[in-house]
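A short worksheet on the structure shown next.
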There are 2 protein chains.
Amino acid sequence: MDEFELIRRFFNRAPPSGLELGIGDDAALLRAGRNAAGEAESLVVTTDMLVAGRHFVTDVDPESLGHKCLAVNLSDLAAMGARPEAFTLALALPGIDEGWLEAFARGMFALADRYGCELAGGDTTRGPLTISITALGRVPNGAALRRDHAEPGDDLWVSGALGAASYATRERLAGRGAELPAAACTRLDRPEPRIALGLALRHLARAAIDLSDGLVGDLGHICERSRVGAELRWPDIPVAGELAALAEAERIELALAGGDDYELLFSAAAENRGAIAALGAHGTLELTRIGTIVPGAGVTVVDARGRPVPLARAGFNHFA
Amino acid sequence: MDEFELIRRFFNRAPPSGLELGIGDDAALLRAGRNAAGEAESLVVTTDMLVAGRHFVTDVDPESLGHKCLAVNLSDLAAMGARPEAFTLALALPGIDEGWLEAFARGMFALADRYGCELAGGDTTRGPLTISITALGRVPNGAALRRDHAEPGDDLWVSGALGAASYATRERLAGRGAELPAAACTRLDRPEPRIALGLALRHLARAAIDLSDGLVGDLGHICERSRVGAELRWPDIPVAGELAALAEAERIELALAGGDDYELLFSAAAENRGAIAALGAHGTLELTRIGTIVPGAGVTVVDARGRPVPLARAGFNHFA
């Protein structure tokens, strides 16, 4: 049983009536009433839990950890097109290490301040090092970027370049962390949530997800929720420069199934192609058209001649 | 350093501008806009984390655990006078035990359904058994029961009877769990959040807190936040029937400092005394006047002759 099946089986019930959107997307949507300008809004809510020894090594740099545990939640808000507003922090610590806590808080608050997201409350306890953050944001009613809105014919786009974070993980696990380029470490340790892009895509994209488990696996979630299929063109996929010297099979593995990229993958009508390309051209974040939503189900990846590209694994599973 | 000092030192910053109420109460308050009836509301947000071996024994009954981990969060909402709306669940599991998960979900959803509180999302991962829930509720603007609104001269009230949960903990730790009365086990394992009472107190109480760490310690939080003192009358305190056979020193210890009661402690103007007594008389939940808010600082407990009652400890500290 993988984590998705676990959630479906034990925690996913009949569509709840009071929520605009429940389990199964990057975040849930709750009715938030009308703001001061009289506009109806939705509250966007997402939770992540990071466990020492599973999501990070026990001797991780605490400032990076403080950044990352908030970043993965803000990335979920970005994937919904939401503006971050507040977060709560639940923290189990094996003991009190003041230097560690100062660095952790510094990393977390530096990111929070950059996006105007305030710590609203939390809980601390003694226990195996575990961090759970719940982030809250807002989006105008009907403007959220959901996983279930992709349509056949949509272009598929991705921000940034893929594979550097999983390459850094692989090299560290192999004991070659010291030789890693700094940029690859930054991609793994300090992912930048694509908040501005999410806001800009509110009226341009149809479906979106953030890339946490790997491109093919995460695209599979869009396909499943939207009841469509997808075709990715391997030659069009922006692969991180750090992977340039690797064999193609390794580049395919890391860029398509590696995870931890925290870029946005989104679908958009072809008529928005120019506007999205312009967003990419004017921003600092590359936007690349990498495939198409098709009728049917499942994700296929094709090479320059349209032949299927074989994949070793589809995405990260926390219970594998 | 205890957990309160830890939070103050590393996570409590200048009063945030975007929040109505930040760290330091049972829950945070965020502006929620106007509801369909045009009334301005606040969103109420609270988080708790429960760790195996610290907050519960590893072989705990999973159905009770599912109940309790949501109940402690709903109790925080009750202490704010909020109506529960939704919650998120982050769950680290050492492995997948289907029977355990079914029972856990059953306990959690039975409580959630009773209060119309829907699971909006979550995260599951492998790790040491840890449960973090964030609960969201709503309250009309200005109606929240905050810790910082107590005033000298206020009556102090408490719901229910105190000490049964900590008595059950003590007996289990001493290996006498099998001889415990069922009612004491229920108080520890399945506390009932005082949601209806919190709603009824919106316009009657001034300050409120839920009793998780012990009466004297939790009252200390109201005193600190309201910059007042408090005097409790030991003979007036409703002690659970399960403690009747114990020596007075033990009854004092368990009822005043035991924790885990999840009753509401609140202050109210003397002019509301009749209305609050009527609430208690007409409901199934006893409400007892146990003391007074006074000028100054700190909590004192006096006996029938007004002499101080000595206390061994003030409240539970997760880092002690």
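Miscellaneous remarks
- Once the stretch A:132-172 is narrowed to residues that are over 18 Å from the mean Cα position of the chain (by Cα) and within 13 Å of chain B (Cβ to nearest Cβ), the residue that is surrounded by the most Cβ atoms within 10 Å (Cβ to Cβ) is A:Pro140.
- Selected residue (only one of B:Glu3, B:Glu41 is within 19 Å of A:Gly127 (Cα to Cα) and among the acidic types (Asp, Glu)): B:Glu3
- B:Gly99 closer than 18 Å to A:Ile7 by Cβ and out of contact with any His (no Cβ under 9 Å at 6 or more places or on another chain): yes
Every residue, every condition in (1) surrounded by fewer than 17 Cβ atoms within 10 Å (Cβ to Cβ); (2) assigned by TED's automatic domain parsing to the domain that holds A:Ser75; (3) part of a helix (DSSP H, G or I); (4) not acidic (Asp, Glu), yes or no:
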| residue | (1), (2), (3), (4) |
| --- | --- |
| A:Pro193 | no, no, no, yes |
| A:His203 | yes, no, no, yes |
| A:Asp213 | no, no, no, no |
| A:Gly217 | no, no, yes, yes |
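- Top-ranked residue of the stretch B:36-47 - restricted to ones that are surrounded by fewer than 24 Cβ atoms within 10 Å (Cβ to Cβ) and in contact (Cβ under 8 Å) with a residue 40 or more places away in the chain, ranked as nearest to B:Leu19 (Cα to Cα): B:Glu41
- Residues in the stretch B:200-239 that are under 15 Å from the mean Cα position of the chain (by Cα) and among the acidic types (Asp, Glu): 3 in all.
- Hits in the stretch B:249-276 (condition: closer than 26 Å to B:Asp25 by Cα and either without any contact (Cβ under 8 Å) to a residue 12 or more places away in the chain or polar (S, T, N, Q) (or both)): B:Ser267, B:Glu271, B:Asn272
- Residue list for the stretch A:106-121, restricted to those being touching a Lys or Arg at 6+ places or on another chain (Cβ under 9 Å) and free of Cβ contacts under 8 Å to residues at least 40 places away in the same chain: A:Gly116, A:Glu118, A:Leu119
- Residues (surrounded by fewer than 24 Cβ atoms within 10 Å (Cβ to Cβ) and either in contact (Cβ under 8 Å) with a residue 60 or more places away in the chain or outside the structural domain of B:Val57 (by TED's automatic domain parsing) (or both)) located in the stretch B:122-131: B:Pro128, B:Leu129
- Residue list for the stretch B:124-158, filter: under 30 Å from A:Leu93 (Cβ atoms) and among the basic types (Lys, Arg): B:Arg126, B:Arg146, B:Arg147
- So B:Glu179, is it in the same structural domain as B:Ile222 (by TED's automatic domain parsing) and among the charged types (D, E, K, R): yes
- Scanning the stretch A:146-165 for residues that are modelled with pLDDT of 95 or more and touching an Asp or Glu at 6+ places or on another chain (Cβ under 9 Å) yields A:Leu156, A:Val158, A:Ser159, A:Gly160, A:Ala161, A:Leu162, A:Gly163, A:Ala164, A:Ala165.
- Identification of strands (runs of 3 or more DSSP E) wholly contained in the stretch A:219-320 with 3 or more residues that are among the aliphatic types (A, V, I, L, M) and surrounded by 18 or more Cβ atoms within 10 Å (Cβ to Cβ) yields A:264-268, A:287-294.
- Residues satisfying the stated conditions in the stretch B:52-109, i.e. basic (Lys, Arg) and closer than 20 Å to A:Gly22 by Cα: B:Arg83, B:Arg106
The values are calculated or read from the model by the stated rules, or taken from the named source; none is laboratory data. A quick note: this is a predicted structure, and the numbers were derived from the prediction, not measured. Note that each Cβ is placed from the backbone with ideal geometry, even for glycine, and that neighbours are counted across all protein chains shown.
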